[in-house]
Amino acid sequence: MVRLSVNGERHELDLDPRTTLLDALRDHLGLTGTKKGCDHGQCGACTVHVDGRRVLSCLALAVAQQGREIGTIEGLARGDHLHPMQLAFIECDALQCGFCTPGQIMSAIAMLAEVEHRRQLDDVAIRERMSGNLCRCGAYPNILAAIRRVRT
Amino acid sequence: MRPFTYVEGISVADAAAAVHAAPAAMFLAGGTAIVDLMKLGVLAPAALVDVQRLPLGDIELDDRRARIGACVRNAQLAEHPEIRARWPVVREALLSGMSAQLRNMSTVAGNILQRTRCPYYRDPHSACNKRVPGSGCAVQTGWDRDAAVLGGSPHCLAVFPSDLATALAILDAIVYTRRGDGGARRLPFDGFHRLPGDTPERDTVLDHGELVTHLELPDLAIARRSHYFKVRDRASYDFALASAAVALDLERGHVRDARIALGGVATRPWRCTAAEQSLRGKRAELASFRAAADLALADAVARTHNGFKIELARHVVVRALSELAARPG
Amino acid sequence: MSTTSPRIGRPAERIEARIKVTGQARYAADVVLPGLAHAAYVGSAIACGRVLAVDTARAEQAGGVLLILTHDNRGPLGDLPNGDGTGLTPDPRPPLADDRIDYRGQIVAMVVAESPEQAAHAASLVEVRYEPAPFVVDIDDGAGTRLSDVPRRGDCAAALRAAPVTIDVLYSTPIQHPCPLEPHATVAHWVDHDLVVYDSTQWVLGDQAVLARAFGLSNERVRVLAPFVGGSFGSKVFTAAHTLLAAVAARRLERPVKSVLRRSEVLTTVGPRAATRQRIQLAAERDGRLIALRHHTRSHCATERDVADRDPFYEPTSGITRVLYACPNYEAVHDVVPLHLAKPGWMRAPGEATGLWALEGALDELACESGLDPLALRMRNHSSRDAHTGKPYASEHLRECYERGAERFGWSRREPRPRSMRDGDAWIGWGMATAAHPGNRDPASVRVRLDRERGGVHVTVATAGIDLGTGLYTALAVVVADALDLPGERVTVELGDTRLPPAPMTGGSNLTASVAPAALAACTRLRRRLLAFRRAPDESADWAELLDRAGLGDIEAIGTTDARPPGERHAHHSFGAQFVEVRVVPELGRIRVTRVVGVFDVGQVVDATTTRSQLLGGVLFGVGQALLEQQVHDPVHALPVHADLAGYLLPCHADVPDIDVEWLDAVPDVTFNAIGCRGAGEIGITGVAPAIASAVHHAIGVRLRDLPLTPDRLLAALAESPRE
Ligand SMILES: Cc1cc2nc3c(=O)[nH]c(=O)nc-3n(C[C@H](O)[C@H](O)[C@H](O)COP(=O)(O)OP(=O)(O)OC[C@H]3O[C@@H](n4cnc5c(N)ncnc54)[C@H](O)[C@@H]3O)c2cc1C
Ligand code: SF4
Ligand code: FES
Ligand code: FES
């Protein structure tokens, strides 16, 4: 039995050791908001939080995540109250097809938590720090705008 | 992925013994290299021994050295204020590679033990001596834009891709290990990675079941003025086409001592001692840097599509040294 | 409709954004059904030849395996439609039809198991023996076949001989891949002998037609759903092999089957943009006026049989070069080179993105040669009619795009001499190119339904068309809310379901132009019917009140857009002007785009928010095309070298320049459709790559003619160039 704590809820799952955290979330917990774009750590679509840090769930084995707190896109909103980053993404139209969006949002939230002086984050720094999240639709300029909005 | 058993390492000795005892067992750290390769069918360990919860996650510092636990995350190492002050090249190398997510997951030991990105190595259908000893090397007749220009052999031309390892190569780093039979080793970083020769399947001198426990960086005055410069196709989130780790000890515009290593162009982290030697006593200026860069690449061998790497690496060395020399010191 | 409508053209909020940012949008791979089984594939290890034997014994023993399909046991599938406009498959031969191998990665077996891990593992245990045959995977190694249809006007050869200025240059583009971030995925499910498919597609009706034919069913018995699709860029038009196989397996197992392609399978089995080699010959007067344009394109297609069996695929580069500039003599020749690769397909702005790379590049060279400003050269050759058919454009504002773009960019400050701007270690260069994309429109229908609700009415707009991130949900909501004068919250839009009124595939920037006018027509009908219940002609329209008076709980109408009639008097085309600034560090082979300005005429914009996003995305597609993207196949071993996202490089955040996009206001193309909109999905990409190359030339005086402009290419060009 693998014990996972996801968005504050505890789960006991009968998992194959091969199951990645991404597949555990999607196939076993029904949390399909986290996306699989490449399954090899090369796109960022599967970004989730583990103990508050952003990681790629496609390269993390689920069994190795026991005792850690996992956060996904589904855990951000409180009822109808969206997270400020989600709101900013809507306001700035920081998405098109939406497939990279959960990963971008999870990454952006953790990114802001990583820096002490958020206000000093200029565009170049934000772009570099967000470069692990690819967006084929090219929503990048609006994603940057959304992050700027939340940063201040 | 082939089915495997997952074992959580309890102690350093047990973890090493567990892998030592099972020929098809491997260590699991951040998983960013090994899980990737298992999905591709390149690696198929029967057991994974997870080392992430072993007490190897700390960075200890004193005047003489830094002692970096094997399981320290690459992000943690890059952000450490004292590492940044005393060994800036380490931080710069780490931040020039991977993505923030990958740096949060991956460990220092995992990074220097990652495998090549050679596309034939990553494709189980291709001939590759590194993956299947004796099967041949597809690059010799195939697509070689990414192949090494230094340190290759007729059996393998694969670039060793770690940025961190390139930085460590100029820092007199030491790798500490625990062997499966209980012994321990202290391995100078210089000899840690092997040339491919006719046994490209072995990247390092580690034995099966030998666990890396720590890296040590001795305090080094020259390391305080050190720098990493990397060129890649994409502006970020990409491996090096060519990179250089450099350090300079300057006195009144002259080079007292220099360190240079190349990444992205060689089959192992590539220290350029002749180039370093050539700089000693010279003025810290473009002409000296150019001469050093020529020496660094003197033995480089171009193949069909990778010749640009020689030219590029020269410029990268010159650029790295020039930027560093221009830094207030 | 007048452009003074309250909502048309204003920025709206993307109406499906909320479910996308909360992770609630359900894409095909997110569908979970009871008893779901999972598929994995075995791809051919050779590029050409035959499968001698597929040994599935070990795989069958592996845990959880339910079914293994090969060409020996796949069972019958009907003839697939192709070319009749109802549906498309990449290969007229259904998957697992026989033992023939045409490309590396071609599916040779499908494994279905209880879990995805089990399926993938079992697939790795399938052993295939092959009889390999010689192959060709490099366009420069293959022999070309001339296509018979040669568009021409005037006498190119004579004009080229006589002209005072001539340019004769070779431009190339590599194989590039649409590579949407969502991998192609299908869930197939049989319900009482009827097929239900959740698919990642651009065209639910195309899927339906193909699947119905494959299984000998009437169309009504196949339902395809695609409410959300994670990007496509041309790659999800064809009904993929794995979609058919998922349906076969689901029928065999009497269980739903999920099939999600791995990224490497997307990159090797889903058709890419064909590689091109393009020779452009220009003849001009000394003042830059074009006299002749000859455009010879070689592009790759699938195997010889593709050429022999039927129309081979070719990259339609000349579609744009024949119409764009006033030029009395024109000739285009196409050769196709069969390669042992997955059959190429469409990728965002097919033909324009490749054809303009060559033509605009050659024009930049002509400008240099003639000592003319590149913009002035474009102005001089401007045509207000389709240069090939001679039909006038119904609405054409390209000159204005040039002028406004130049002004926003500061083009007039450009010093023409290369190597005239430097900043630190970098040379700065400015370049420009024309952007262009035809107006496309196809038959479509939309149902609009009004429901009486507490406190008013609710509107539901429905069509089978698909929003790929392109903004169709929002555009339809805007049009309907505007036409019925209702607040946006009262409008729901339903898309991507074969049960909804038929709509064309999303492709060629056609969908808004086809569907939005149909929605408007439906609204007009509804209005007319309800307004009949007004007591006086000047009574204000309260739909709830009118419904009550009519004694109706709901009312609906279908609006349609017709096919374009043959012999239209006008041509319809979108245009734009794109200006680019680059920073080049020659010795590092480094080219970075720092600034892009684009001004476009896309007709009437329906929704400003999603239109802007489309144009921005198009520009970034162009940056990827120009600097990063290429798929190389090792000519000796046939290995697809760039078969993952660490090899096939998409632009990342750090590659993004400052982008300024603008469109001309109040330029509806009213004879095109009732709204006057043309669509903005593709034009954004079309001028970017040539503008970047033009800027690089301006920065350092080196001409690059082969995409992408990677460091090795730049270094090689510098080594050859006399300047450095
Ligand atoms: C998309 C992508 C981009 C990347 N870009 C870069 C880049 O630009 N530059 C760069 O340098 N790297 C890059 N990497 C590689 C990355 O650095 C490595 O994947 C990572 O550092 C491996 O660390 P890990 O802890 O995850 O190792 P794991 O995957 O857990 O292990 C790697 C190997 O080391 C062994 N191992 C781990 N710990 C020990 C130990 N303590 N003792 C003995 N053996 C051990 C494992 O058995 C395994 O063989 C990239 C990776 C990806 C996926
Ligand atoms: S270069 Fe090395 S890793 Fe690449 S195919 Fe040859 S042997 Fe394998
Ligand atoms: S799916 Fe994990 S990084 Fe792409
Ligand atoms: S919105 Fe489509 S990939 Fe980012």
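Quick look at the numbers
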{"quantity": "Number of the exception - C:Arg414 against (1) closer than 30 Å to C:Pro565 by Cβ; (2) buried (at least 19 other Cβ atoms within 10 Å of the Cβ); (3) among the basic types (Lys, Arg)", "calculated": "(1)"}
{"quantity": "Only listed residue being surrounded by fewer than 24 Cβ atoms within 10 Å (Cβ to Cβ) and among the acidic types (Asp, Glu), chosen from B:Asp163, B:Asp181", "calculated": "B:Asp181"}
{"quantity": "Candidate set from the stretch A:10-26 (those that are among the charged types (D, E, K, R) and facing chain C (nearest Cβ under 7 Å)); member that is most open to solvent (accessible area, probe 1.4 Å)", "calculated": "A:Asp16"}
{"quantity": "Residue within the stretch A:70-84 that is open to solvent by 10 Å² or more (accessible area, probe 1.4 Å) and of a type in the set (Asp, Glu) present", "calculated": "yes"}
{"quantity": "Of the criteria (1) in contact (Cβ under 8 Å) with a residue 24 or more places away in the chain; (2) open to solvent by 30 Å² or more (accessible area, probe 1.4 Å); (3) more than 11 Å from chain C (Cβ to nearest Cβ); (4) more than 8 Å from ligand 2 (Cβ to nearest atom), which one B:Val149 fails", "calculated": "(2)"}
{"quantity": "Inter-residue pairs, beta-carbon under 7 Å, first at pLDDT 95 or above and open to solvent by 10 Å² or more (accessible area, probe 1.4 Å) and in the stretch C:675-701, second in a loop (DSSP other than H, G, I, E, B) and of a type outside the set (A, V, I, L, M), 6+ apart", "calculated": "C:Glu682/C:Arg348; C:Glu682/C:Ser509; C:His697/C:Pro418; C:His697/C:Arg703; C:Gly701/C:Pro418; C:Gly701/C:Arg419; C:Gly701/C:Arg723"}
{"quantity": "Qualifying positions in the stretch B:127-141 - within 9 Å of chain C (Cβ to nearest Cβ) and surrounded by fewer than 23 Cβ atoms within 10 Å (Cβ to Cβ)", "calculated": "B:Ala127, B:Thr141"}
{"quantity": "Criterion (at pLDDT below 95 and assigned to a helix (DSSP H, G or I)) met by exactly one of A:Arg119, A:Arg127, A:Arg26", "calculated": "A:Arg119"}
{"quantity": "Tally, over the stretch B:8-32, of residues that are within 13 Å of ligand 1 (Cβ to nearest atom), surrounded by fewer than 22 Cβ atoms within 10 Å (Cβ to Cβ) and either in a helix (DSSP H, G or I) or at the interface with another protein chain (Cβ under 10 Å from one of its Cβ atoms) (or both)", "calculated": "3"}
{"quantity": "Answer residue from the stretch B:44-70, given it is in a loop (DSSP other than H, G, I, E, B) and within 12 Å of another protein chain (Cβ to nearest Cβ) and is farthest from A:Cys38 (Cα to Cα) among those", "calculated": "B:Arg53"}
{"quantity": "Test: residue in the stretch A:63-73 that is within 16 Å of ligand 4 (Cβ to nearest atom), within 11 Å of chain C (Cβ to nearest Cβ) and under 28 Å from C:Arg612 (Cβ atoms)", "calculated": "yes"}
{"quantity": "Evaluation of A:Leu112 against (1) within 16 Å of ligand 4 (Cβ to nearest atom); (2) open to solvent by less than 30 Å² (accessible area, probe 1.4 Å) (one fails), failing number", "calculated": "(1)"}
{"quantity": "The stretch B:161-182 - residue that is assigned to a loop (DSSP other than H, G, I, E, B) and modelled with pLDDT of 95 or more and, of those, nearest to B:Val246 (Cα to Cα)", "calculated": "B:Ile170"}
{"quantity": "Restricting the stretch C:459-511 to residues that are assigned to a loop (DSSP other than H, G, I, E, B) and of a type in the set (A, V, I, L, M, F, W, C), the residue that is surrounded by the most Cβ atoms within 10 Å (Cβ to Cβ)", "calculated": "C:Ile466"}
{"quantity": "Single residue of the stretch C:258-294 satisfying the filter (polar (S, T, N, Q) and not in a strand (DSSP E or B)) that is farthest from the other protein chains (Cβ to nearest Cβ)", "calculated": "C:Thr269"}
{"quantity": "Any pair with Cβ under 7 angstrom, 6 or more apart, that starts in the stretch A:46-60 at a residue that is open to solvent by less than 10 Å² (accessible area, probe 1.4 Å) and ends at one that is acidic (Asp, Glu)", "calculated": "A:Cys58/A:Asp39; A:Leu59/B:Asp36"}
{"quantity": "Residue pairs meeting the criteria (Cβ under 8 Å; at least 6 apart or on separate chains; first on the phi > 0 side of the Ramachandran plot, in the stretch C:104-131; second part of a strand (DSSP E or B))", "calculated": "C:Gly105/C:Gly43; C:Gly105/C:Pro640"}
{"quantity": "A:Ile105 vs. criteria away from ligand 4 (no atom under 12 Å from the Cβ) and under 21 Å from C:Ala17 (Cβ atoms)", "calculated": "no"}
{"quantity": "Test: residue in the stretch C:224-239 that is in a strand (DSSP E or B) and surrounded by 18 or more Cβ atoms within 10 Å (Cβ to Cβ)", "calculated": "yes"}
{"quantity": "Wholly within the stretch C:105-198, strands (runs of 3 or more DSSP E) carrying at least 3 residues that are in the same structural domain as C:Ala250 (by TED's automatic domain parsing)", "calculated": "C:107-113, C:127-132, C:185-191"}
{"quantity": "Test for B:Arg194: is it within 16 Å of ligand 2 (Cβ to nearest atom), of a type in the set (Lys, Arg) and surrounded by 14 or more Cβ atoms within 10 Å (Cβ to Cβ)", "calculated": "yes"}
{"quantity": "Residue list for the stretch C:68-104, filter: among the basic types (Lys, Arg) and either outside the structural domain of C:Ile46 (by TED's automatic domain parsing) or farther than 15 Å from C:Ser259 by Cβ (or both)", "calculated": "C:Arg93, C:Arg100, C:Arg104"}
{"quantity": "Hey, B:Leu164 more than 8 Å from ligand 2 (Cβ to nearest atom) and more than 10 Å from chain C (Cβ to nearest Cβ) or not", "calculated": "yes"}
{"quantity": "Tabulated pairs, the stretch C:8-37, first within 9 Å of chain A (Cβ to nearest Cβ), second of a type in the set (Phe, Trp, Tyr) and part of a loop (DSSP other than H, G, I, E, B), C-beta under 7 angstrom, 6+ apart or interchain", "calculated": "C:Ala25/C:Phe228; C:Arg26/C:Phe228; C:Tyr27/A:Phe99; C:Tyr27/C:Phe228"}
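Residues are listed down the side, and each one gets a yes or a no for (1) aliphatic (A, V, I, L, M); (2) under 16 Å from C:Ala444 (Cα atoms):
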{"position": "C:Leu484", "(1), (2)": "yes, no"}
{"position": "C:Leu495", "(1), (2)": "yes, yes"}
{"position": "C:Thr498", "(1), (2)": "no, yes"}
{"position": "C:Met505", "(1), (2)": "yes, yes"}
{"position": "C:Asn510", "(1), (2)": "no, yes"}
{"position": "C:Ala518", "(1), (2)": "yes, yes"}
{"position": "C:Leu531", "(1), (2)": "yes, no"}
{"position": "C:Trp543", "(1), (2)": "no, no"}
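Condition check ((1) out of contact with any His (no Cβ under 9 Å at 6 or more places or on another chain); (2) more than 16 Å from ligand 1 (Cβ to nearest atom)) across all residues:
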| position | (1), (2) |
| --- | --- |
| B:Arg131 | yes, no |
| B:Ala173 | yes, no |
| B:Phe189 | yes, no |
| B:Val205 | no, no |
| B:Ser226 | yes, yes |
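The values are calculated or read from the model by the stated rules, or taken from the named source; none is laboratory data. Quick caveat: nothing in here was measured; it's all calculated off a predicted structure. A quick note on method: Cβ atoms are made from the backbone with ideal geometry, for glycine too, and the neighbour counts reach across all protein chains shown. Ligands, DNA and RNA are stripped out before the accessible areas are found, and what is left, the full protein with its side chains, is counted by its heavy atoms. Shrake-Rupley method; radii C 1.70, N 1.55, O 1.52, S 1.80 Å.
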